[in-house]
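First up is the structure itself, then whatever we jot down about it.
The values are calculated or read from the model by the stated rules, or taken from the named source; none is laboratory data. Note that the coordinates shown come from a computational prediction; the quantities given were computed from them, not determined experimentally. Every residue, glycine among them, receives a Cβ derived from its backbone with ideal geometry; neighbour counts consider all protein chains shown. Surface areas here come from the heavy atoms of the whole protein model, side chains and all, with no ligands, DNA or RNA. Shrake-Rupley method; radii C 1.70, N 1.55, O 1.52, S 1.80 Å.
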Amino acid sequence: MSIKIDHELCTGCASCVESCMYGAIELNNNIAKVLPNCTLCGACIEACPEEAISLERGDIKTKKIDISQYKGVWVIAEHYKNKIHNVAFQLLRKGRELADLLQVNLTLVILGANFDDKLEEFSQYGMDEILYVRAPILKDYYSDLYVKVISELVVQNNPEIILIGATPTGRDFAPRIAKRLNAGLTADCTGLEINPETKNLLQTRPTYGGNILATIQTPSSRPQMATVRPGIFKIPEKVQKDVKIRTIEYQFKEKDSVTKIVKVISKTKNTVNLEDAKYIVAGGRGVGSKENFKLLKDLANVLGAELGGSRITIELNWLDPDRQIGQTGKTVNPKLYIACGISGAIQHIVGMQNSDIIVAINKDPNAPIFHWAHYGIIGDLNEIIPILIQEFKKLKSEE
Amino acid sequence: MKIFVCTKQVPGISEVKIDPKTNTLIREGVESILNPNDRNALEMALVLKEEQKAEVIALTMGPPQAEEILREALAMGVDKVVLLSDRAFAGADTLATSYTLALAIKKILKESDSEENYLIICGSQAVDGDTGQVPPELAEELGIPQITYVQKLELSEDKIVVERKFRATEIVVIETKLPALISVLTDINKPRFPTMMGIMKAYENSNVIYFDSKNLNADISKIGLNGSMTEVKKIFFPERNGKRIILEGSPEEVVKKLCHHLQEDKIL
Amino acid sequence: MDFSLTEKQKMLRKITRKFAEEYLVPVAKESDEKQELNKTAFKKMQEMNYFGACLPVKYGGAGLENDTIGFCIVIEEISRADAGWGITIAVHNGVAAYPIYKYGTEEQKQTFLEDLANGNKVGSFCLTEPNAGSDAAGVQLTAVKDGDEYILNGTKIFSTSGGIAGTLLVVAKTGDKDSRREMTVFIVDSKTPGYSVGVKEDKLGVRASNTSELVFEDVRVPQENILGQYGDGFKMAMRILDFGRIGIAAQCLGLGQAALEASVKYSNERVQFGKPIGRFQGIQWKLADMACAVESARLFTYKAAFIHDKGEDFGTASSMAKLVASEAAMQAAHDAVQIHGGYGLMKAYPVERYFRDAKMGEIYEGTSEVQRMVIAGNLLRKGV
């Protein structure tokens, strides 16, 4: 296996050199040359305007499966304290769209103990079927039980697409199922489409610290699995629809789980809910100090907003870690996002670019945040925010 | 007891910038580094080694240049390092990677021929791919329990008790038998710097053990590109979708303008 | 000719840089103001084995005794973060610990090196006196034999790390005449009765490093503590300084590098007349000249280290390196302040500190004039 450069076709334009994330292509006598540190990721193939680059596979025969035997889109729910994580409902919106394009059924899969009286309500989120696996032990999350049950269900039902929330739980069991089924899995997706010709699922995800987006597909195996970030899609409107509910009683033997939950520790400290916030006021390095966040807090209070920050504000201890927004923090999609003193590094942008309206306040007119903002204010936040607070207060009293 | 730490050489992402004119990556000056989260895994392993008798073995799969991160692991204090390097491994997605790593771990265990227990510690994810899929897939391949997103671990002879952070405010304490695999979070410890003596030892008194597809007896259809189910269809740069209306005037004026816009947009 | 560094040297640079950015940079300004080395940083520097950088592993060192380029890289990276730490480690290793290893008896090595290698004792080299600066032969501190001991009397000034040192190399006059042939180097433990620290100097630059006056009143030193031969002290001192200058050159190099990096960063960020100032030719020429100066410093310094490790005569090379590197640092720091304009004068930016630190390099361990004297002297005596 290797990347082949067609020397006849190569014009030495260097598009491939720029596309390579690993610095593994260089120009040699005006012809592209692949270096030993190439990872065969294939980014250069797409980038070449002359179609001079190809990936040469060896003549290894891999077992081909009949992908037409797989039908249906599944969304797998997770829950905590008998409450389904919102991301499952968000995925039902996208799942409906995919299922309609493919003209197949959409199924919500729940592994739990006490959901019988809630299924009616869930059935309003647009699926065709609910698959409810019931067992007392499934009240809690056990990695190996999820893997066992879901793998078995998949083998019996052959869905073509499985969507799972990219939460610590989803990202725990999804890879293990993928391995057991030898299925392709794409982590942490932010976009899902169907290729109109091949009907393959195109899964787009930020990679390389959010600097680039990669679209991944699994052309020759099924199911196609993806974990998807919470907050990317909105929860669908409720609809009245006939939904088939299949309840499966599952009998576990004691040895089915090799792990034991000793206890759960909850920090009852005022919880931050950035993911569901309608308004967010966020600060970056430009805020200047922990004390200055008081100003942002005041602004947030007037708006009824949550307070968030870029990575540096967490590193400098200005904010608690659960308030971090971005690649290594939370992904948010509020109606209004006010970025104060945030320069706009891509790692931050990936966490907030789905906000309906982004307002940026920054001293530096060249700050990248202004490329992403709907409204930009170039100026000192210490000067702007107090006036903003006054104005918002005024508007509020007028209402 | 053997403690395996899986590591990866990655580009120093925090140094990466986008050229605003061409919308391409500026890679210049971006070094290859040991994945930062793997340092936490190494630190945890080295602390366990100091507290209890354990041999710490760091592994990585990559091109020969990846030897550098293994030397760094040696300099931090690990006992043995193994580099899985072969052109046939290239293009591996997480399925193929976990298969290959599992082969190496089985080979090392077989060759040590004692009935030792073992623990595998991984970072939760690498900064380049950011998938976090290799640890669970590796555990599945080896048929051992996994606990991901771990922030604290107690190790005894045949079991571990760990704190797993599964929500911002919730931690579950889980117990499982060894052998097992855990993946650890980034802020759980402060990884040590390799000392000068460590660096000296890493370069002068230690060897990097090389494994390739042949001495691992790898099934050629399960490694590298052949063993990968996913493929990269396209790579592109994020669109900038801002309206980019810069509001001008005195602070009072810009605030008035902003409120006007927000009311028009039905945000306020 | 091959300019590439070994993998080990690259790792030394990478790790030292990261370490210095984490532990030295954040406290550099405060250390400069307080005129003392940060205690946490000190402990970390000990743990990292920087105090034993150029001592063999056998004596508890890090084992760079035959890799002076590696040693230079370490000093360079420490100095890039804080030149005060740079001079401390350069002096400790270059003109205290290494000379004992190189010229000492096995017994002396056993006695002194372990504490120096782990940094429990800081080393200092004491030559300068009120009347013996550039003219090192003017040493007045006397050592008079009394049985198996020597009694030291006199005063040393401007001793780098003198006030915090536990082990001192003291150059004393052991004859009646002010002759170069009647000097001897003694290893003195700071706990010896009669020894005391006098005035701590308040300096222009490298203020985190200690510079003190040292007073010797009937300090009795056993004759086993003579480093090298009795009466050979002047030559010994010159040889020690020859090696020490490579370390100082590396210290200046790191400082120049820091000034250059700060200037490049600022030139890209600072906007005047509607564009980053780096787009103006006036700034570009400065940056280019700074980069050339720093790179010359690097080449001269590594070359001197290379000649030393080959076992060849490196005196001229080390003087050249020290001269070129200290003047390069001064030029780079000077231009860095100029590029920063008004901000360059302010404590909020590090370049004003670089400027003060850089001036020191042109003076200590032999002024630029003394270096030129050494270089020319060697040229005239040995030919080109």
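Condition first: over 24 Å from A:Phe115 (Cα atoms), touching a residue at least 24 places away in the same chain (Cβ under 8 Å) and either at the interface with chain B (Cβ under 7 Å from one of its Cβ atoms) or open to solvent by 60 Å² or more (accessible area, probe 1.4 Å) (or both). Can you find one or more residues in segment A:279-287 that meet it? Scanning segment A:279-287, I find at least one residue that is over 24 Å from A:Phe115 (Cα atoms), touching a residue at least 24 places away in the same chain (Cβ under 8 Å) and either at the interface with chain B (Cβ under 7 Å from one of its Cβ atoms) or open to solvent by 60 Å² or more (accessible area, probe 1.4 Å) (or both), so the answer is yes. Note on segment A:343-366: among residues that are polar (S, T, N, Q) and under 20 Å from A:Tyr279 (Cβ atoms), the one that is surrounded by the fewest Cβ atoms within 10 Å (Cβ to Cβ) is A:Asn354. Applying the criterion of at least 2 residues that are within 14 Å of chain A (Cβ to nearest Cβ) and modelled with pLDDT under 95 to the strands (runs of 3 or more DSSP E) found wholly in segment B:1-64 leaves B:9-11, B:17-19, B:24-26, B:32-34.
For segment C:149-173, a residue qualifies if it is crowded, with 22+ Cβ neighbours inside 10 Å and not in a strand (DSSP E or B), and the qualifying residues are C:Ser161, C:Gly162. Here C:Ile248 passes the criteria (1) under 19 Å from C:Gly154 (Cβ atoms); (2) in contact with a Ser or Thr (Cβ under 8 Å, 6 or more places away or on another chain) except the one numbered (1). Of the set (1) open to solvent by 40 Å² or more (accessible area, probe 1.4 Å); (2) at the interface with chain A (Cβ under 7 Å from one of its Cβ atoms), all apply to B:Asn207 but (2). Tell me yes or no: at least one residue of segment A:223-237 is open to solvent by 70 Å² or more (accessible area, probe 1.4 Å), at pLDDT 90 or above and not assigned by TED's automatic domain parsing to the domain that holds A:Gln390. Yes, some residue in segment A:223-237 is open to solvent by 70 Å² or more (accessible area, probe 1.4 Å), at pLDDT 90 or above and not assigned by TED's automatic domain parsing to the domain that holds A:Gln390. Take the conditions under 25 Å from C:Leu64 (Cα atoms), part of a helix (DSSP H, G or I) and aromatic (Phe, Trp, Tyr) and apply them to C:Phe243. Does it pass? Answer is yes for this residue.
The single condition among (1) closer than 23 Å to C:Ile73 by Cα; (2) over 13 Å from the mean Cα position of the chain (by Cα); (3) among the basic types (Lys, Arg) that C:Lys322 does not meet is (2). The single residue among A:Phe173, A:Phe252 that is more than 9 Å from chain B (Cβ to nearest Cβ), among the aromatic types (Phe, Trp, Tyr) and under 22 Å from A:Glu78 (Cβ atoms) turns out to be A:Phe252. For segment C:190-213: of the residues being part of a strand (DSSP E or B) and either of a type in the set (Val, Ile, Thr) or free of Cβ contacts under 8 Å to residues at least 24 places away in the same chain (or both), which is least open to solvent (accessible area, probe 1.4 Å)? The extreme case among them is C:Thr211.
Within segment A:385-399, track down each residue that is free of Cβ contacts under 8 Å to residues at least 24 places away in the same chain and more than 7 Å from chain B (Cβ to nearest Cβ).
Hits for segment A:385-399 are A:Gln390, A:Lys394, A:Ser397, A:Glu398, A:Glu399.
Being in contact with a helix residue (DSSP H, G or I) (Cβ under 8 Å, 6 or more places away or on another chain), at pLDDT 95 or above and open to solvent by 20 Å² or more (accessible area, probe 1.4 Å) is a property that C:Thr40 has. Test A:Leu201 against the criterion of being open to solvent by less than 40 Å² (accessible area, probe 1.4 Å), in contact with an Asp or Glu (Cβ under 7 Å, 6 or more places away or on another chain) and within 13 Å of chain B (Cβ to nearest Cβ), and give yes or no. Criteria not met by A:Leu201. Take the residues in segment A:362-384 that are more than 9 Å from chain B (Cβ to nearest Cβ) and not in a loop (DSSP other than H, G, I, E, B), then tell me which one is farthest from A:Ile338 (Cα to Cα). Here the residue is A:Asn382. In segment A:331-342 there is at least one residue matching the filter, namely being under 27 Å from A:Gln390 (Cα atoms), among the polar types (S, T, N, Q) and either at pLDDT 95 or above or crowded, with 21+ Cβ neighbours inside 10 Å (or both). Restricting C:Asn49, C:Asn118, C:Asn93 to those that are within 15 Å of the chain's Cα centre (by Cα), in contact (Cβ under 8 Å) with a residue 24 or more places away in the chain and within 14 Å of chain B (Cβ to nearest Cβ) reduces the list to C:Asn93. I'd like the residue in segment B:132-144 that is of a type outside the set (Gly, Ala, Ser) and open to solvent by 20 Å² or more (accessible area, probe 1.4 Å) and, out of all such residues, is nearest to the other protein chains (Cβ to nearest Cβ). Within segment B:132-144, the match that is nearest to the other protein chains (Cβ to nearest Cβ) is B:Glu140.
Yes/no per residue for (1) under 30 Å from C:Asp82 (Cβ atoms); (2) among the hydrophobic types (A, V, I, L, M, F, W, C); (3) open to solvent by 30 Å² or more (accessible area, probe 1.4 Å):
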position	(1), (2), (3)
C:Gly231	no, no, no
C:Ala237	yes, yes, no
C:Ile246	yes, yes, no
C:Gln251	yes, no, no
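For C:Ala259, are the conditions met, namely being open to solvent by less than 30 Å² (accessible area, probe 1.4 Å), part of a helix (DSSP H, G or I), more than 22 Å from C:Lys156 (Cα to Cα) and in contact (Cβ under 8 Å) with a residue 24 or more places away in the chain? It is true that C:Ala259 is open to solvent by less than 30 Å² (accessible area, probe 1.4 Å), part of a helix (DSSP H, G or I), more than 22 Å from C:Lys156 (Cα to Cα) and in contact (Cβ under 8 Å) with a residue 24 or more places away in the chain. Total residues in segment B:174-203 satisfying the condition of being open to solvent by 10 Å² or more (accessible area, probe 1.4 Å), more than 19 Å from the chain's Cα centre (by Cα) and away from chain C (no Cβ under 14 Å): the figure is 5. For C:Asn131, the stated conditions do not hold, so it cannot be described as open to solvent by 30 Å² or more (accessible area, probe 1.4 Å), out of contact with any helix residue (DSSP H, G or I) (no Cβ under 8 Å at 6 or more places or on another chain) and either of a type outside the set (A, V, I, L, M, F, W, C) or under 18 Å from C:Met238 (Cα atoms) (or both). Inside segment A:343-360, residues that are within 9 Å of another protein chain (Cβ to nearest Cβ) and either under 19 Å from B:His260 (Cβ atoms) or in contact (Cβ under 8 Å) with a residue 40 or more places away in the chain (or both) make up a count of 9. In segment A:99-110, the condition of being within 14 Å of another protein chain (Cβ to nearest Cβ), of a type outside the set (Phe, Trp, Tyr) and under 21 Å from the mean Cα position of the chain (by Cα) is met by no residue. If you go through segment B:105-126 and keep only what is over 26 Å from B:Asn189 (Cβ atoms) and either free of Cβ contacts under 8 Å to residues at least 12 places away in the same chain or open to solvent by less than 10 Å² (accessible area, probe 1.4 Å) (or both), you end up with B:Lys110, B:Glu111, B:Asp113, B:Ser114, B:Glu115. Among the residues of segment A:250-277, those that are in contact with a helix residue (DSSP H, G or I) (Cβ under 8 Å, 6 or more places away or on another chain), at pLDDT 80 or above and either open to solvent by 60 Å² or more (accessible area, probe 1.4 Å) or not in a strand (DSSP E or B) (or both) comprise A:Tyr250, A:Phe252, A:Ser257, A:Val258, A:Leu274, A:Glu275, A:Asp276.
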